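Just below is one structure, and these are the notes that go with it.
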Amino acid sequence: MNVMITGAGGFIGGFLARLSADAGCSVLGIDVSEPAEVVSGESFELCDVRDEANLSRLISNFRPDRIFHLAAQSFPTISLTHPRETMDINAGGTVNLFECVRSCLITPVVVVACSSAEYGPVASSDLPTKETHPLRPLHPYGVSKVAQDLLAAQYFANYSIFSVRIRIFNCTGPGKVGDVCSDLARRAVEIEMGMLAPSLKVGNTTTRRAIIDVRDMVRALWLASERCEAGEVYNVGATHVYSVEELIETIRTHCRADFSVEQDPALIRGCDEPVIAGDTTKFRLCTGWTPDIDLVKTLQDMLDWWRVRLVSSSPRQFSNARACARTRMNR
């Protein structure tokens, strides 16, 4: 089976490429930059999904049986400063992908990575959020994901392209950069290593999220390509909701140094949903999927990943910081 992954150099893409290769598939990953690692059994090509000619050439030559469309500008904060680019990549790139599939006269299953950001703020009475809830995104990123979502639906309705839309809720794990779990884990490890003073800087600590491990998420995406109904939309995420305060205390338990907590106004986002949690009943009934990895294990693995990453990326800085830490201890 031929499996194509757009955004293969990204966080979820790397895990999905490994799962696909382990399943014995021929894997073609594409992205705008080289991944840190190309897994055994994966071919990789540089390609921007906005480049229709290059994308069409790759699809025509590879003729995928399954396409996992993960390529996106995926940071809400960046979308606020770069709204046109966000829409161009996320919406325009999705149009290009489906048009290339049409022109190549192939019939793959296309799993589109949509987002819980499409829903925007949800009243507590409507939690966990069902797929039928109105879409009221708070930022251009969320708007672009609504566009991706509806484009996938209309390409099925008008052209019978077997598309499945997966609204991904908060997903993290070892290798993730730029989300709350990753940022907290990195700062905790920097405190361990003496790179930072023992004060953990945080933003809003009262927001609550249902956070799923990436290894459970890629299993869900794979099952979506096998068992979900064409044209349908499904929420995928964790079932338990955690506050940022709970994340901090879990990290504290597994951190090798003590720290205080300091709120930094610069880390507080202007638009932030108070609670994000999705009802995954529809997906679980369709696929039989359940998440296996709890958040404690996820955070432990993230702390270990950052310990290796920070030492290997800046050994001299770490050596100097460790020496400073010893000096402080000896005073």
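The values are calculated or read from the model by the stated rules, or taken from the named source; none is laboratory data. Given the structure is predicted, the values throughout are model-derived calculations rather than measurements. Please note: Cβ atoms are built from the backbone with ideal geometry, for glycine as well, and neighbour counts cover all protein chains shown. Just the protein is used for accessible areas: all its heavy atoms, side chains included, with ligands, DNA and RNA removed. Shrake-Rupley method; radii C 1.70, N 1.55, O 1.52, S 1.80 Å.
Residue count for segment 192-240 under the criterion of being closer than 14 Å to Thr172 by Cα and of a type in the set (Val, Ile, Thr): the result is 5. Taking segment 192-213 as the range and being open to solvent by less than 10 Å² (accessible area, probe 1.4 Å) and either touching a Pro at 6+ places or on another chain (Cβ under 8 Å) or of a type in the set (Lys, Arg) (or both) as the test, the residues that pass are Ala210, Ile212, Asp213. The one condition from (1) open to solvent by less than 60 Å² (accessible area, probe 1.4 Å); (2) modelled with pLDDT under 95; (3) within 17 Å of Pro291 (Cα to Cα); (4) not polar (S, T, N, Q) that Leu223 does not meet is (2).
Being buried (at least 23 other Cβ atoms within 10 Å of the Cβ) and within 16 Å of the chain's Cα centre (by Cα) is true for just one of Ser116, Ser163. Which residue is that?
Details: Ser163 fails: within 16 Å of the chain's Cα centre (by Cα).
The match here is Ser116.
Checking Ser225, Ser260, Ser243 one by one, the residue that is touching a residue at least 24 places away in the same chain (Cβ under 8 Å) and within 30 Å of Gln154 (Cα to Cα) is Ser225 and no other. Listed by first and then second residue, the pairs linking a residue in segment 140-168 that is closer than 23 Å to Thr81 by Cα to a residue that is among the acidic types (Asp, Glu) and surrounded by 19 or more Cβ atoms within 10 Å (Cβ to Cβ), with Cβ atoms under 6 Å apart and 6 or more places separating them unless they lie on different chains, are Gly142/Glu118; Lys145/Glu118; Val146/Glu118.
Counting only residues that are of a type outside the set (S, T, N, Q) and open to solvent by less than 10 Å² (accessible area, probe 1.4 Å), which one in segment 66-98 is farthest from Pro108 (Cα to Cα)? Working first, answer last.
If we filter segment 66-98 for residues that are of a type outside the set (S, T, N, Q), which is where we start, we get 66-72, 75-76, 78, 80, 82-85, 87-89, 91-93, 95, 97-98.
Next, from what is left, pick out any that are open to solvent by less than 10 Å² (accessible area, probe 1.4 Å): 67-69, 93, 97-98.
On the way: Ile67: 7, Phe68: 10, His69: 12, Gly93: 17, Leu97: 12, Phe98: 10 Å.
By that ranking, first place goes to Gly93.
Residue check: Pro134 meets all listed conditions (1) within 30 Å of Gly178 (Cα to Cα); (2) in a loop (DSSP other than H, G, I, E, B); (3) out of contact with any helix residue (DSSP H, G or I) (no Cβ under 7 Å at 6 or more places or on another chain); (4) touching a residue at least 40 places away in the same chain (Cβ under 8 Å) but one, namely (4). On the given criteria, is Asp179 acidic (Asp, Glu), over 24 Å from Glu246 (Cα atoms) and open to solvent by less than 40 Å² (accessible area, probe 1.4 Å)? Taking the combined requirement at face value, the residue does not satisfy it.
Which residues, counting only those in segment 25-68, are assigned to a loop (DSSP other than H, G, I, E, B) and either modelled with pLDDT of 95 or more or among the polar types (S, T, N, Q) (or both)? Answer for segment 25-68, where residues must be assigned to a loop (DSSP other than H, G, I, E, B) and either modelled with pLDDT of 95 or more or among the polar types (S, T, N, Q) (or both): Cys25, Val32, Ser33, Ser40, Cys47, Asp48, Val49, Arg50, Asp51, Arg63, Pro64, Asp65. Taking the conditions (1) under 17 Å from the mean Cα position of the chain (by Cα); (2) open to solvent by 40 Å² or more (accessible area, probe 1.4 Å); (3) under 18 Å from Val110 (Cα atoms) in turn, Arg63 satisfies each one other than (1).
Every residue, every condition in (1) buried (at least 22 other Cβ atoms within 10 Å of the Cβ); (2) of a type in the set (Val, Ile, Thr); (3) within 19 Å of Ile89 (Cβ to Cβ), yes or no:
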{"residue": "Val3", "(1), (2), (3)": "yes, yes, no"}
{"residue": "Gly13", "(1), (2), (3)": "yes, no, yes"}
{"residue": "Arg18", "(1), (2), (3)": "no, no, no"}
{"residue": "Gly24", "(1), (2), (3)": "no, no, no"}
{"residue": "Leu28", "(1), (2), (3)": "yes, no, no"}
{"residue": "Val38", "(1), (2), (3)": "no, yes, no"}
{"residue": "Gly41", "(1), (2), (3)": "no, no, no"}
{"residue": "Glu52", "(1), (2), (3)": "no, no, yes"}
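Somewhere in segment 311-327, is a residue open to solvent by less than 60 Å² (accessible area, probe 1.4 Å), modelled with pLDDT of 90 or more and either hydroxyl-bearing (Ser, Thr, Tyr) or within 22 Å of the chain's Cα centre (by Cα) (or both)? Scanning segment 311-327, I find no residue that is open to solvent by less than 60 Å² (accessible area, probe 1.4 Å), modelled with pLDDT of 90 or more and either hydroxyl-bearing (Ser, Thr, Tyr) or within 22 Å of the chain's Cα centre (by Cα) (or both), so the answer is no.
Just one residue in the set Thr81, Thr107, Thr86 is of a type in the set (Ser, Thr, Tyr), more than 30 Å from Val180 (Cβ to Cβ) and modelled with pLDDT of 95 or more; that residue is Thr107.
Which of the residues that make up segment 172-225 are under 30 Å from Lys282 (Cα atoms), in a loop (DSSP other than H, G, I, E, B), among the β-branched types (Val, Ile, Thr) and touching a strand residue (DSSP E or B) at 6+ places or on another chain (Cβ under 8 Å)? Result: Thr206, Thr207, Ile211. Restricting to segment 99-113, what's the tally of residues that are part of a loop (DSSP other than H, G, I, E, B), surrounded by fewer than 18 Cβ atoms within 10 Å (Cβ to Cβ) and not hydrophobic (A, V, I, L, M, F, W, C)? Residues that pass the stated criteria total 1. Any idea how many residues of segment 226-270 are part of a loop (DSSP other than H, G, I, E, B), open to solvent by 30 Å² or more (accessible area, probe 1.4 Å) and closer than 27 Å to Leu135 by Cβ? Total satisfying the criteria: 7.
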